[in-house]
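Structure record follows, encoded as structure tokens.
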Amino acid sequence: MSETTLLTLPVLPLPNGVVLPGMVLTIALESEEAKAAVAAAGDDGRLLLVPKVEGRHANVGTIASIESTGQLPSGVPALVVRAEDRALLRTGVAGTADVLWLEAEPVQPEVTDEARELGLELKAAFRALFEELGGRRLVEVLRGLDEPDALADAAGWWPDLALERKVQLLETVDVAERVAKVLGWVKEALADIQLQEKIRSDVGENMEKTQREFLLRQQLAAIRKELGEGEGDGEAGPDAYRAKLEERALPAEVRVAVEREIDKLERSNEQSPEHGWIITWLDTMLELPWGERSADQLDLARARAVLDADHTGLVEVKERIVEELAIRKLRADRGLDGPDAEPDEPDAPDDSDDSTEPGGSTEPDGSTGSRGRFRHGTILTLVGPPGVGKTSLGESIARALGRKFVRVALGGVRDEAEIRGHRRTYVGSRPGRIVRAMTEAGTMNPVVLLDEIDKVGNDWRGDPSAALLEVLDPAQNHSFRDHYLEVDLDLSEVIFLATANQLDTIPGPLLDRMEIVSLDGYTEDEKVAIARDHLLSRQLAKAGIRPAELTVTDDALRRVVRDHTREAGVRSLERALAKVLRKVAAKVAAEPAEPVVVDADAVPDLLGRARFHDADITDRTSVPGVASGLAVTGAGGDVLFVEATALPVEEGEDGASDLTVTGQLGDVMKESARIALSYVRSHRDELAIPKGADRRGVHVHFPAGAIPKDGPSAGITMTTALVSLFTGRPVKAKVAMTGEVTLQGRVLPIGGVKQKLMAAHRLGLTEVIIPARNEADLDDVPEAVRADLTVHLASDVSQVIGWALEPEVPVETAAAA
């Protein structure tokens, strides 16, 4: 091991830089200490250059030789030095007061294989860095540097390298460690430069794109201006929407939502899809009639006059509307409605499941989220056969109340989003039909008709009837939330009218929210009045016939009703009148002459032969085993025939064949047939059935086999038909019946009494048998119908048999016949 060589050299402090081995540079001698150090170097001409950082000297210095001395152009003394080696600073040596002398130990670099590998990588990194910085001269300098220690010390020329890092570089004696340190700094600088270049490039591209779009828009605006298409510019901008917002009295929550979307619109790019979605949403929100309301016409006499003028009959529903109007009038007259009204007492809490449904949150006091506010929601469901005027009645109600009317067709709707709207994430999304109906009406308190609510379907897309639960619940619809709007919409002031042909297909929870008003059809007199007062004038206008050119007598209208249009409603009647007027129009157009008079005798010439005959029922019930029953269908009440026949007993059989039932019947009706046969066989003696007559096989058939039938109300009809078959006594031609039968012969109550009795009256029957427990339902039957019918109230089958069958023919009379 060689001995350590120490050199005693004067110290030249470097306050503003670091000199590394291999560097040749000029140093200005600005301080007296520097001048004294150069003078002390004397003939030897060697100095110890030591950096001075933050008031302290570095631990390692650089041994440099003086190449020459002179003055800078400014007159400041300077010298040119060549840095040779690093030197570890040791102890100080006594000398003159103006110069610091130190012992320094020169450091000879030890280059390892690791250092050489790192050196190659450092050289490549330097080359890449200098090329990025645009330093071609530095790249040329690198070509003459092959040693790793010299490459690392070349970082001293790097202008962006901090002074602290240059001091670290000087103090790192180990070559491999020094090269690795510089390599890390170079890579860090390269990454920083590349990131800056990427940011600069992106910013430049965006600026170019923005400038290009700006120029294109300016050109497009100029083109539209030349074409005269620029009048609408600015109507969909944020400022235009803010101006519209200031003009509208929106609820606070809605205003906040609209302002938020306007801010988003201002930040969005016009070319992005979201820009168009926001504009569509804002247009939808501002088109809704926030704060707009129709003033109710509270004149009860006027409302009743309007309803009577538009519709004949329908007393129950008219009374219900007048009652609704009376309630509103009383509340208005007594100051219970309006902004200054005193709050009503909250509703008492109930135990129903409705309180836990969405939108029906319960307050601590038991009210359903509407504390201190009266919510008088009206939800009527008009149920009846087609053609009785359910839809047109909605328009009359709106006119009587002085409100706007809008119709929402629900027939065939299967998607829940049709009611609640589509979420805005979907392309082409829009609000549901309820929101669109409010926009169409233009007020927040219209009359909304939900047409054909019984024909709402459901599939994998959802159940619309479930979405209607909130709409039709007065306790919840004050905060109805459409998926598209995502704000609360108050429907509590809307009068909802629903129409349906039958209630069987309406879900129970939805039906529970409705107030049912039945429209069971019209009597013959009412149809004549409707034809005379409403239908005839409308068809005259369609046919282009002046009222003075045609006279249709009431007898003619009655014959049309009786012989050609036996239905619950009046649609077929209107079609028949249209046919009559078409023929009259052809006659008037061909030979303008005296006014045409259509009387009862002219009806067959205009409409052809009669489609319905009273003799039909008489002919069909003239043989034993046929009875007339009453049923309710989607078209109203109807007469249903039951035919029974006995099957012959084959040789060798015991006669106890089974029962056959046909006519596309449901399980309940098949069970009723079995019960009827069992009752008849077990009471053969009381019913005077000949011995063995009931032991044969029986076939019971319901004609019109293409129509599905079910229900227990044909029980007494099938029992009567079987007794008629086994006794040979035919059923009276003008008698019809309805009721459920038990094995003990009791007659149980059924539904649809009003529709069934009106059907019997319409078809010319004179006697009707119904269960005794349905006596209260007779109050709903029109007085004109009850006056023409003899209604028997039966509690036992024996009473039914006595009223329904023809009297038993005495044996002598039968033999003479």
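The values are calculated or read from the model by the stated rules, or taken from the named source; none is laboratory data. Since this is a predicted model, take the numbers as computed values, not measurements. Glycine gets a Cβ as well: all are built from the backbone with ideal geometry, and neighbour counts include every protein chain shown. Calculation scope for accessible area: heavy atoms of the full protein, side chains included, ligands and nucleic acids excluded. Shrake-Rupley method; radii C 1.70, N 1.55, O 1.52, S 1.80 Å.
Scanning segment 525-565 for residues that are of a type in the set (D, E, K, R) and either part of a strand (DSSP E or B) or open to solvent by less than 40 Å² (accessible area, probe 1.4 Å) (or both) yields Lys527, Asp563. Assess whether Leu743 counts as being part of a loop (DSSP other than H, G, I, E, B) and open to solvent by 70 Å² or more (accessible area, probe 1.4 Å). When the stated conditions are applied, Leu743 passes them. Considering (1) open to solvent by 70 Å² or more (accessible area, probe 1.4 Å); (2) under 18 Å from Leu89 (Cα atoms); (3) not hydrophobic (A, V, I, L, M, F, W, C), the lone condition that Lys35 does not fulfil carries the number (2). Picking from residues in segment 76-107 that are modelled with pLDDT under 85 and part of a loop (DSSP other than H, G, I, E, B), the one that is farthest from Glu33 (Cα to Cα) is Ala94. Of all the listed residues (Leu485, Leu450), the sole one being part of a strand (DSSP E or B), open to solvent by less than 50 Å² (accessible area, probe 1.4 Å) and not hydroxyl-bearing (Ser, Thr, Tyr) is Leu450. Considering only residues of segment 72-111 that are open to solvent by 70 Å² or more (accessible area, probe 1.4 Å) and farther than 25 Å from Gly17 by Cβ, which is nearest to the chain's Cα centre (by Cα)? Going through the qualifying residues, I end up with Glu110. Candidates in segment 246-284 are the residues that are surrounded by 14 or more Cβ atoms within 10 Å (Cβ to Cβ) and polar (S, T, N, Q); of these, the one that is nearest to Tyr426 (Cα to Cα) is Thr280. Of the residues making up segment 712-726, those that are touching an Asp or Glu at 6+ places or on another chain (Cβ under 7 Å) and not in a helix (DSSP H, G or I) number 2. Of all residues in segment 164-178, exactly one satisfies the criterion of being polar (S, T, N, Q) and in a helix (DSSP H, G or I), namely Gln168. With respect to the stated conditions, Ile516 is aliphatic (A, V, I, L, M) and either at pLDDT 90 or above or open to solvent by 40 Å² or more (accessible area, probe 1.4 Å) (or both).
Residues considered: Phe480, Phe496. Of these, the only one that is crowded, with 21+ Cβ neighbours inside 10 Å, aromatic (Phe, Trp, Tyr) and farther than 29 Å from Trp277 by Cα is Phe496. The set of residues in segment 746-790 that are farther than 16 Å from Val639 by Cα, in contact (Cβ under 8 Å) with a residue 40 or more places away in the chain and of a type in the set (Gly, Ala, Ser) contains only Ala784. Out of all the residues in segment 272-300, which are outside any helix (DSSP H, G or I) and either over 23 Å from His483 (Cα atoms) or of a type in the set (A, V, I, L, M) (or both)? Within segment 272-300, Leu288, Arg293, Ser294, Ala295, Asp296, Gln297, Leu298, Asp299 qualify. Contact map, segment 254-270: residues that are part of a loop (DSSP other than H, G, I, E, B) paired with residues that are of a type in the set (D, E, K, R) and loosely packed, with under 14 Cβ neighbours inside 10 Å, Cβ distance under 6 Å, separation 6+ or inter-chain. Pairs shown: Ser268/Glu274.
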